[in-house]
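Let me begin by presenting the structure, written as structure tokens, before commenting on it.
Read-outs throughout are calculated quantities, based only on the coordinates presented, and are distinct from any laboratory measurement. Just so it is clear, the structure is predicted and the values come from calculations on it, not from any experiment. Cβ placement follows ideal geometry from the backbone for every residue including glycine, while neighbour counts extend to all protein chains displayed.
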Amino acid sequence: MRITTQNEAQTLALGRALGAQLPPGTVIALVGTLGAGKTALARGISLGAGVPEELVSSPTFMLVHEYPGTRLPVYHFDAYRVADDDEFLELGAEDYFYSAGLSLVEWADRVTRCLPPEHLRIEIRVSGADQRQFDLLATSAALTAALEQALAHFS
Ligand code: ADP
Ligand code: MG
């Protein structure tokens with residue numbers, strides 16, 4: 001599934017639609033270069049899960065952030081500065097992945113082998129100054145159905 005956004009607000013809206021629909025326990029692998037919009041999409045997903053705006057907009061310097069959400073808790077990982085798979089696992093990544101929250105992993109390609117077989121992969125490409133292309137790939141029928149539901153509400 002491919003979605004193109006024309007500005008950051010549209011990316012936030014896409015994220016909100018996902019965060020409002022994806023089932024508990026979904027792991028979302030965010031892949032894309034620096035400035036692609038991984039964090040912007042993650043903020044939208046968190047808002048969609050009911051995380052308060054003031055928490056979502058705070059800068060992230062940690063490798064994992066836990067956000068309470070009215071719909072679901074959100075666990076936001078940044079694998080950019082993780083040295084290897086072992087360090088990522090030492091953060092307790094698997095405990096988060098197999099809990100009921102939504103797990104977001106920026107720079108997921110750096111820890112591919114740590115991701116559970118069932119996850120949602122989102123590849124982001126910069127296709128213009130303010131244009132971004134999102135390729136969404138679910139690895140299970142259940143997630144694909146949830147994704148279709150989420151995107152049906154996205155305009
Ligand atoms: P990443 O986490 O992938 O490094 P960020 O989300 O931190 O990227 O930054 C994305 C940057 O691109 C922001 O400065 C944002 O304002 C800008 N931008 C421009 N157009 C878009 C768009 N359509 N979607 C998301 N971000 C956009
Ligand atoms: Mg980022």
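Within the chain, what's the longest run with no chymotrypsin sites (Phe, Trp or Tyr not before Pro) in a DSSP loop and at most 12 other beta-carbon atoms within 10 Å? Give the range, please.
The reported range is 1-60.
Let me test this: with uniform point scatterers at the alpha carbons of segment 17-76, what is the Debye-based log₁₀ I(q)/I(0) at q = 0.14, 0.17, 0.27, 0.28 1/Å?
Normalising to I(0) and taking log10 leaves -0.35, -0.52, -1.30, -1.37.
Take every DSSP beta bridge whose two residues both sit in segment 31-155, then give the antiparallel share in percent to the nearest 5.
65
Treating the beta-carbon of each Lys and Arg as +1 and of each Asp and Glu as -1, no other charges, what is the dipole magnitude of the chain about its Cα centre, to the nearest 20 debye?
The dipole of the chain has a size of about 560 debye.
Considering the dipole of the chain built from charges on the beta carbon (Lys and Arg +1, Asp and Glu -1) around the Cα centre, which of TYR80, ALA17, LEU120 is farthest to its positive end?
It is ALA17, whose Cα lies furthest towards the positive end.
List the equivalent ellipsoid semi-axes of the chain in whole Å, largest first, each obtained as the square root of 5λ for an eigenvalue λ of the Cα gyration tensor.
21, 17, 16
So for segment 79-155, what percent of the C-alpha to C-alpha distances run longer than 18 Å?
On the way: 1497 of 2926 pairs.
Roughly 51 percent, once rounded to a whole number.
When the helix-only estimate is applied to the chain (DSSP H runs of n ≥ 4, each -39,500 (n - 2.57), divided by the residue count), what is the mean residue ellipticity at 222 nm, nearest 500 deg cm²/dmol?
-9500 deg cm²/dmol
Shape call for segment 89-131 from the C-alpha gyration tensor, a ≥ b ≥ c root eigenvalues: rounded (a/c under 1.5), prolate (a/b greater than b/c) or oblate?
prolate
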